[in-house]
């Protein structure tokens, strides 16, 4: 996999609506014993750093994301056809976020993810339903390369409106994220919601998907199962997986970042250690979580609803 430098060109953008209305998504800072590392901009992009930083602080996130697609679709690994279909989809997603009362006045996490100094606290997005049951479904979502985009939390709360959703920020990706950070975030979220968030579902995407394999393998008792989107375990990780894990891999057949052949190969390797691992292919590119949303979440709900019924 090659991490796209186009996501660093977030300062070049086009207009998208801003957030408005009332809602129940919070941008939360919390006390933690371990904080994300500082992201260092590559030397080749240093000359654009001032513009980049100014964009992070002043422009709406939707403008940044759509701008990255318009300016750097080639570096994102997208064909002209894929970019042409994804750009309006992403723009429409951020228009919906802007009109969603749940996201009223919720700031972007990208300045935190790209901070020039090591943060003194942790950060996560918290979505809480209007009424939280005593034993709610909880989803912990680990973002991929480029930072903790709001559309991750938005699409999850749209698909799981009765769940508590936690989307923690960890530098520019969860590739080498901290399990301790997650435990401390969960404790903070329990204090804020007033309910026990027992055995949440772990989900992760792209580069965060690789980090998710490491964390789930280390803390299998903490989570009900693991959903890996548009990613796959690295070979060393696949060979060390515990045999009793519950894993679903969803991969796009047209994904240019994590190719389907690579995903198939790594899934087969992981399945030697975890016989119940399931892999399902989605007819889409790296961003099928939005472009093939119905098919994606139908597969995820089916996996979650199976409970402890290992295949």
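The values are calculated or read from the model by the stated rules, or taken from the named source; none is laboratory data. Quick caveat: nothing in here was measured; it's all calculated off a predicted structure. Quick reminder, even Gly has a Cβ in these numbers, built from the backbone with ideal geometry, and neighbours come from all protein chains shown.
Annotations for the structure displayed:
- In a residue-by-residue description of segment 214-222, the property of being under 14 Å from the mean Cα position of the chain (by Cα) and either under 28 Å from residue 130 (Cα atoms) or surrounded by fewer than 23 Cβ atoms within 10 Å (Cβ to Cβ) (or both) applies to no position.
- Some residue of segment 106-120 being touching a helix residue (DSSP H, G or I) at 6+ places or on another chain (Cβ under 6 Å), surrounded by fewer than 23 Cβ atoms within 10 Å (Cβ to Cβ) and within 25 Å of residue 199 (Cα to Cα): no
- Matching option when the condition is assigned to a loop (DSSP other than H, G, I, E, B), over 25 Å from residue 209 (Cα atoms) and either under 20 Å from the mean Cα position of the chain (by Cα) or free of Cβ contacts under 8 Å to residues at least 60 places away in the same chain (or both), among 135, 131: 131
- Qualifying residues in segment 41-77 (those that are part of a loop (DSSP other than H, G, I, E, B) and at pLDDT below 85) - the one nearest to residue 172 (Cα to Cα): 41
- Given (1) at pLDDT below 70; (2) closer than 21 Å to residue 287 by Cβ, index of the condition residue 21 fails: (2)
- Positions within segment 153-165 being within 23 Å of residue 210 (Cβ to Cβ) and surrounded by 22 or more Cβ atoms within 10 Å (Cβ to Cβ), in sequence order: 153, 156, 165
- Among the residues of segment 92-117, those identified as part of a loop (DSSP other than H, G, I, E, B) and farther than 23 Å from residue 170 by Cβ are 100, 104, 105.
- Of the strands (runs of 3 or more DSSP E) lying entirely inside segment 151-238, those carrying at least 1 residues that are within 25 Å of residue 117 (Cβ to Cβ) and in contact with a strand residue (DSSP E or B) (Cβ under 8 Å, 6 or more places away or on another chain) are 164-168.
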